[in-house]
Amino acid sequence: MRRAWTPDQVRACETPLLDAGQGDALMSRAAAGLANVCATELRERYGHVYGSRVLALVGKGNNGGDALFAACRLARRGAHVTVLLCAGRAHPAGLRAVRALNIDVRELDESDDDVLRFLLCAHLVIDGIAGTGARAGLPDRLGELVRRWRGRKPGRQLVVAVDVPSGVDAGTGQTGGSAIAADVTVTFAGLKTGLLIPPAARNAGRVEVVDIGLELADEQAVVLAVEASDVAALWPAPEPSDHKYSRGVLGLVAGSARYPGAAVLAADAAVSAGVGMLRYVGPDTPGGLIAQRSPEVVAGAGRVQAWALGSGVAPDEESQVDAIRAALDEAIETQLPCVLDAGAFDLIYGPLGMPAILTPHAGELATLLGRLSGTIVSREEIEADPARHAKSVAEAANAVVLLKGAHTVISQPAGPDYVQGPATAWLATAGSGDVLTGVLGALAATAGRKSLPQLAELAALGSFVHGQAALLASQGGPLRSLHVAAAVKYAVTELRVRAREEKNVGQWQL
Ligand SMILES: NC(=O)C1=CN([C@@H]2O[C@H](COP(=O)(O)OP(=O)(O)OC[C@H]3O[C@@H](n4cnc5c(N)ncnc54)[C@H](O)[C@@H]3O)[C@@H](O)[C@H]2O)[C@@H](O)CC1
Ligand SMILES: Nc1ncnc2c1ncn2[C@@H]1O[C@H](COP(=O)(O)OP(=O)(O)O)[C@@H](O)[C@H]1O
Ligand SMILES: [K+]
């Protein structure tokens, strides 16, 4: 599991060390780790550190201090370093150190063309403008220069951000008007929440963590991300004594005459994800299509351990809307977990009476937010701060909210958020959300876990595997949602086999 902590948590962890006079040692470790990553990246991209042109952008805080000490280390290894002071002042000891090495130090009072020339000619730009102490957005002139640089940036140029990309809010993940887009972010002690949360997560690039001797407690992390090594342990697997009913039956109310495909895709995905049994509730179209494609599926209502409701159900499809209502009533009575999508959102007016995962995209989240809390928010506003808006709906609906998008944000009323990064943008195609509903439904039915924190973890697991299946289906090119559904089986199998091989254990020992 990847874990992230708020800047305040990291600061609280630093304080005792700073009080004990360890500040210089922390910065020295941070700078050493940063310089090592920069050197490795330079060697990989250009073959050498010696002779490479490095530009360090330096703000007035400790983030700039890290950049200055790292710049010294690179200069000692033969790099041609230029320092650009972006805020007039800079970390005094760091500045003394670069001056002692006769490193070229410039200020932002150079002309725009000169600053742009420095930015465009460097092999490596180190972004030490601002770190965890900063707000979103860059100061006006700097922001404008960064925008112009981004528009003309050479493809091979490397940008390494110190701790967080400048211009992002290290806590909330907001980016303001302008921010640095890094290839690599070298962060200290542990990930800051803004490195996982979109839109800032897009600016971070690959994130490397440098150990500077702080101990952040795993259980206090507030943003998590499921990764490949978690799947084998978390994915519900049958015991030798299991049968189809003990494994878990999923009820699916999805699809309609207008949108039959949604039901076919969700059913296919649930079967591919290894549900004990799937019961499909709905009209002959799409019921007949499901029977043709997935003969494992049983038609008609019956006892289930979870419901997946709403994909491809239009509000005027009365019989399907009634079936969703009946399933919700049953779920409230017996506390069955439900996965709610699309057409099921129209039936949510307040806190839900059963454990549930809602799977809106940004437009659907905007509608839910309006209905549940009277807040009018546009799709764009949600995309600029998805974690906050997902949390509002999670609280108002007392449910897990999985907000779909390039990054998937999973929020719950109390407990950590999860953010799953994009696996492949080819997944942005019709029907891929219906596949996700099927995967989540299968997990809810077979995991036997229904507290909201457990459902949030399952939602993150389902989202991660959905992405892995998309990678298998895509192979770097276009994909069909139907193929993503089929690939769910292979994604789970591959990750389980890999874990078995790594642990060198037998078939039943995971
Ligand atoms: N405190 C420590 O012990 C350690 C801190 N480290 C570094 O220190 C950083 C935090 O240092 P600071 O608290 O000095 O904070 P920053 O280096 O983020 O600087 C904050 C200052 O930048 C200015 N600023 C605010 N928003 C800005 C923006 N959007 N663009 C440009 N400038 C802006 C403000 O005047 C603010 O005072 C961390 O991110 C990390 O890089 C590391 O050296 C490791 C040890
Ligand atoms: N740019 C993107 N990169 C990666 N994944 C994406 C991107 N855009 C959308 N997705 C994912 O694709 C799926 C789309 O779901 P949804 O919007 O419900 O589509 P549909 O209703 O057609 O099934 C979600 O899982 C979402 O997270
Ligand atoms: K930075």
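The values are calculated or read from the model by the stated rules, or taken from the named source; none is laboratory data. Not measured: the values here are computed from a predicted model. Note that each Cβ is placed from the backbone with ideal geometry, even for glycine, and that neighbours are counted across all protein chains shown.
Key figures
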| read-out | value |
| --- | --- |
| Residues being out of contact with any Asp or Glu (no Cβ under 8 Å at 6 or more places or on another chain) and within 16 Å of ligand 2 (Cβ to nearest atom) - total across the range 334-357 | 5 |
| Sole exception among (1) without any contact (Cβ under 8 Å) to a residue 40 or more places away in the chain; (2) surrounded by fewer than 18 Cβ atoms within 10 Å (Cβ to Cβ) for Arg500, by number | (1) |
| Cβ pairs under 8 Å, 6+ apart, first in the range 51-73 and assigned by TED's automatic domain parsing to the domain that holds Lys192 and closer than 20 Å to Val210 by Cα, second near ligand 1 (Cβ under 10 Å from one of its atoms) and of a type in the set (D, E, K, R) | Asn63/Asp163; Asp66/Asp163 |
| Scope the range 216-226; condition in a loop (DSSP other than H, G, I, E, B) and in contact with a helix residue (DSSP H, G or I) (Cβ under 7 Å, 6 or more places away or on another chain); matching residues | Leu216, Val222, Val226 |
| Residue check for Ala366: within 28 Å of the chain's Cα centre (by Cα) and either without any contact (Cβ under 8 Å) to a residue 12 or more places away in the chain or part of a helix (DSSP H, G or I) (or both) | yes |
| Qualifying residue in the range 174-189 (condition: among the β-branched types (Val, Ile, Thr), at pLDDT below 95 and in a loop (DSSP other than H, G, I, E, B)) | yes |
| Number of the condition not met by Gly51 [criteria: (1) crowded, with 20+ Cβ neighbours inside 10 Å; (2) farther than 29 Å from Gly171 by Cα; (3) not polar (S, T, N, Q)] | (1) |
| Glu333 being farther than 14 Å from Leu402 by Cβ and either in contact (Cβ under 8 Å) with a residue 60 or more places away in the chain or not assigned by TED's automatic domain parsing to the domain that holds Ala430 (or both) | no |
| Number of the exception - Gly302 against (1) outside any helix (DSSP H, G or I); (2) of a type outside the set (Asp, Glu); (3) closer than 23 Å to Ala262 by Cα; (4) out of contact with any Lys or Arg (no Cβ under 8 Å at 6 or more places or on another chain) | (4) |
| Residue check for Ser311: hydroxyl-bearing (Ser, Thr, Tyr) and surrounded by fewer than 20 Cβ atoms within 10 Å (Cβ to Cβ) | no |
| Qualifying residue in the range 297-307 (condition: surrounded by fewer than 23 Cβ atoms within 10 Å (Cβ to Cβ), out of contact with any helix residue (DSSP H, G or I) (no Cβ under 9 Å at 6 or more places or on another chain) and without any contact (Cβ under 8 Å) to a residue 12 or more places away in the chain) | no |
| Filtered residue count, the range 235-256, keeping only those that are surrounded by fewer than 19 Cβ atoms within 10 Å (Cβ to Cβ) and among the aliphatic types (A, V, I, L, M) | 1 |
| Out of Leu216, Leu196, sole residue that is more than 21 Å from Ala67 (Cα to Cα) and touching a Gly at 6+ places or on another chain (Cβ under 6 Å) | Leu216 |
| Count of the range 413-439 residues which are under 17 Å from the mean Cα position of the chain (by Cα) and within 16 Å of ligand 2 (Cβ to nearest atom) | 14 |
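Residue by residue, here is whether (1) in the same structural domain as Arg45 (by TED's automatic domain parsing); (2) away from ligand 1 (no atom under 16 Å from the Cβ); (3) in a loop (DSSP other than H, G, I, E, B); (4) of a type outside the set (Ser, Thr, Tyr) holds:
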site	(1), (2), (3), (4)
Arg99	yes, yes, no, yes
Asn102	yes, yes, yes, yes
Phe118	yes, yes, no, yes
Ala130	yes, no, yes, yes
Gly133	yes, no, yes, yes
Glu144	yes, no, no, yes
Arg156	yes, yes, yes, yes
Ala161	yes, no, no, yes
Gly171	yes, no, yes, yes
